[in-house]
Amino acid sequence: VCSSDLLSSGADVVGIGMVADTSRTLSPKAYRTTLQSITSGSDNTVIFDAVENDDWGCWDVSHPSRLTVPVTGRYLVQAQAKWGDGASGTRQISIKMNGTQEIAYANNAKATGHGSHTSVMSPPVTLTKDDYVEMLAYSTTNLDLIVTADGDNYVGWFPSMSLIYLGS
């Protein structure tokens, strides 16, 4: 509790105050600013190298693939990527909690030509302080694919993952 006022009506005492500091936002976005090769046929953990809106310190360079939950509560987790051109096949991204539990998944078929986008959002999920989430990328083609940091003014399509706090 950051601050509180006490109200009393005889024997009852009621505390009123804030649970969190509302001057800070809790919707960090971790993202890549460079290309990352995705090896075909296996889950590839996306490694982030930058962050924005991280007032709570959810991203740490010593664990660059993770956003760590700062406060127990309900969250949405969102991830997106733009895939480079390559052979046809399926591209998918998923979000895992604590390295094991998949909480969201999306895939799309890919034809040759323009790179495709994949985006996924988890349903509201209860996460405990110090849980972490990661983004994984997977491809079914025989070629390595590239998750791209697009320099063509599609700033939102960096490979990225956001942790959105809904409350407790």
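Read the figures in this text as sums done on the coordinates, not as results from a lab. This one's a predicted model, so the numbers in the text were calculated from it and none came from an experiment. Reconstructed Cβ throughout: ideal geometry from the backbone, glycine too, with neighbour counts over all protein chains shown.
Worth pointing out:
- Placing dummy labels 7 Å off each Cα toward the beta-carbon, the span from Thr128 to Ser42 is 3.1 nm.
- Linear extension gain, Thr140 paired with Thr72, 0.36 nm per residue minus alpha-carbon span: 20.9 nm
- Start at zero, step by 10 Å, and the Cα-Cα distances of segment 23-70 spread as 26, 46, 22, 5, 0 percent across the bins.
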